[in-house]
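Quick note: the coordinates plus some simple rules give every number you see, no bench work behind them. Quick caveat, the model's predicted, so the values are computed rather than measured. Here the Cβ is made from the backbone with ideal geometry for all residues, glycine too, and neighbour counts use every protein chain on show.
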Amino acid sequence: MQLNSSVAAVVTGGASGLGEATARALAAQGVKVAIFDMNAIQGEAVAADIGGIFCKVNVTSDEEVDAGFAKARAAHGQERVLVNCAGTGNAIKTASRDKKTGETRHFPLDAFNLIIQINLVGSFRCLAKSAKGMLDLEPLEDGERGAIVNTASAAAVDGQVGQAAYSASKGGIVGMTLPVARDLMGEGIRVNTILPGIFNTPLMNAAPPQVKDALAASVPFPKRFGHPAEYAALALQMITNGYFNGEHVRLDGAIRMAPR
């Protein structure tokens, strides 16, 4: 797929981090970009900067996702590109004991379910609704109608202590990539997934310097955090390379996460 002003895209989680970098990279190619995010202040600012549109969307809500797509399509037309970057995480052990009191507890199921709903179900909700809209597009020369990129994590395959919910949600994204690509193969819609390692995002920047230094040193090479622009570059490759389909690709400097 060639990226230019005839193409519309939706980027979830596009107000910051990996999503913002991808929204900016797409806009730099002339693509009309709609940002789905819950942070209206940052989202409006990024959208204004790239000549796009902001849609306040919580990906766990059918109504908000539907309204977001309606607003984006009214402004830009039906999207040919969807990049799912919206997501979050928590860190709670499956079962644990308070060292002071000896009291035992387990991972609260509502907290577990919240991560699944945002990361996994939210991604599927957006891709299913986007793909449905893509079915009405006229195919391009090679029969392609659209391209979807999802975001999983290295934690999908080597999650750390406390990451049961996060790893399950991201592992689910990896697991659905091939069957969704097969579901959509007859319609010319490609689906791929990126598994980022440790990236330089606002969440990571909030960590203490010594923590960040130790994490960067744990990356085999290069010994640093990934840059959001590097994620965006891979996302654009997945979108523009017509033979890239049904794959999940780690982008992590060869790191394999330790237990903690």
Self-check item: Where labels lie 7 Å past Cα in the beta-carbon direction, separation of Arg224 and Val249 in nm
Solution: 2.1
Quiz item: In degrees, nearest 10, range 0 to 90: what is the angle between the Cα axis of helix 164-184 and the longest Cα principal axis of the chain?
Solution: 20
Practice problem: Please give the net charge around Gly162, taking every other residue with its beta carbon less than 12 angstrom from that of Gly162, where Lys and Arg add +1 and Asp and Glu add -1. | Solution: +2
Exercise. Run through the DSSP bridge list for the chain and note the antiparallel percent, rounded to the nearest 5.
Key: 10
Quiz item: Modelled label-to-label distance, Arg105 and Ala217, 7 Å Cα→beta-carbon offset: nm?
Solution: 3.2
Practice problem: Evaluate the relative contact order of the chain (contact order divided by residue number), counting alpha-carbon pairs under 8 angstrom at least 6 apart; express in whole percent. | Solution: 20
Quiz item: Residue separation times 0.36 nm, minus the C-alpha to C-alpha distance between Thr60 and Glu44: what's the value?
Solution: 3.7 nm
Quiz prompt | For the chain, built as a Gaussian network whose Cα springs stay under 10 Å, the top-fluctuating residue of Ala75, Ala34, Ala23 | solution = Ala75
Quiz item: Residues with beta-carbon under 10 Å from that of Phe36, excluding Phe36: net charge, scoring Lys, Arg +1 and Asp, Glu -1?
Solution: 0
Quiz prompt | FRET efficiency for Arg260 and Thr240, using Cβ-Cβ distance with R0 set to 25 Å, rounded to 0.05 | solution = 0.05
Quiz item: How much mean residue ellipticity at 222 nm does the chain get from its helices, if each DSSP H run of length 4 or more adds -39500 (n - 2.57) and you divide by all residues, to the nearest 500 deg cm²/dmol?
Solution: -12500 deg cm²/dmol
Exercise. Estimate the FRET efficiency between Ala67 and Ala28 by the formula 1/(1 + (r/R0)^6), using the beta-carbon distance for r and 30 Å for R0, to the nearest 0.05.
Key: 0.65
Quiz item: When ranked by the protection proxy of mean other Cβ atoms within 10 Å per residue, highest first, what sequence do the peptides 2-13, 77-88, 176-187 form?
Solution: 77-88, 2-13, 176-187
